[in-house]
Amino acid sequence: IPSWAYAPTGAWCWIEGEDIGGKIMRFIFYYAPLWFVIGYNVFAYVSVIRYLRRVQLLANSINTNADSQPRFEMKAISRLGWYPCILIFCHTFATINRIQNWVSPHNPSFVLFLLHTCTQSLTGFLNCVAYGLNHAVRSAWFERFPFLKKLAVCGKGRENKFHKFENEMSVRGEDNG
């Protein structure tokens with residue numbers, strides 16, 4: 001991207017969008033690759049989740065002992081779907097806002113700018129919530145900061161199969177590392 005294409009565009013510096021060339025460059029260099037990658041992520045995650053569900057069905061059909069648990073839980077697999085959902089949520093309003101700015105540049109929508117700014121800023125936080133707040137991480141926080149255990153409303157004494165799986169996987173990870 002040539003350096004002359006950058007300029008202040010509101011709250012941040014980005015590709016100047018006053019002329020048609022700048023607007024096209026925004027979509028070619030940012031939004032088109034972004035939505036292509038999001039689409040590929042959705043495809044890849046759906047493929048992996050489908051494959052793992054088939055593996056689980058096979059494992060459950062082979063399992064003859066009704067009391068034993070499968071090696072992994074579907075809840076753990078379904079967490080994979082959060083990443084594409086977060087990407088779509090965090091970039092949808094930005095894309096809609098840029099299209100609206102392109103169609104009607106002299107009539108910007110404050111609500112769209114607000115949603116654009118807020119949702120794009122949430123990407124890291126939502127990834128942290130989706131992937132970082134598993135049982136092992138919560139336990140470590142509760143151990144380090146005991147007052148958090150008193151604040152925790154849900155999850156008291158409710159260790160289920162999913163938590164056992166997470167604990168088992170974190171212990172295996174520590175043994176390997």
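The values are calculated or read from the model by the stated rules, or taken from the named source; none is laboratory data. Since the model is a prediction, treat every value here as computed from it, not as a measurement. Note that we place each Cβ from the backbone using ideal geometry, even for glycine, and neighbour counts take in every protein chain shown. Heavy atoms of the whole protein, side chains included, go into the accessibility calculation; ligands, DNA and RNA do not. Shrake-Rupley method; radii C 1.70, N 1.55, O 1.52, S 1.80 Å.
Quick notes on this structure:
- Condition broken by residue 77, with the remaining ones in (1) modelled with pLDDT of 80 or more; (2) under 19 Å from residue 126 (Cα atoms); (3) in contact with a Leu (Cβ under 7 Å, 6 or more places away or on another chain) satisfied: (1)
- Output for segment 80-108, where each listed residue is outside any helix (DSSP H, G or I) and open to solvent by less than 60 Å² (accessible area, probe 1.4 Å): 104
- Of all residues in segment 131-148, those being in contact with a helix residue (DSSP H, G or I) (Cβ under 7 Å, 6 or more places away or on another chain) and within 24 Å of residue 84 (Cα to Cα) number 3.
- Residue within segment 147-166 that is modelled with pLDDT of 80 or more and part of a helix (DSSP H, G or I) present: yes
- Residues in segment 104-130 that are more than 16 Å from residue 83 (Cβ to Cβ) and either among the aromatic types (Phe, Trp, Tyr) or touching a Ser or Thr at 6+ places or on another chain (Cβ under 7 Å) (or both): 110, 113.
- Of the residues 111, 37, 42, 46, the single one that is at pLDDT below 90, open to solvent by 40 Å² or more (accessible area, probe 1.4 Å) and out of contact with any strand residue (DSSP E or B) (no Cβ under 9 Å at 6 or more places or on another chain) is 46.
- Contact annotation: residue pairs with Cβ atoms under 8 Å, 6 or more positions apart or on different chains, pairing a residue in segment 43-61 that is part of a helix (DSSP H, G or I) with a partner that is open to solvent by 60 Å² or more (accessible area, probe 1.4 Å), are 45/83; 59/71.
- Residues of segment 106-127 satisfying the condition of being in contact (Cβ under 8 Å) with a residue 24 or more places away in the chain and closer than 20 Å to residue 23 by Cα: 113, 117, 120
- If you go through segment 10-34 and keep only what is in contact (Cβ under 8 Å) with a residue 24 or more places away in the chain, outside any helix (DSSP H, G or I) and open to solvent by less than 30 Å² (accessible area, probe 1.4 Å), you end up with just 17.
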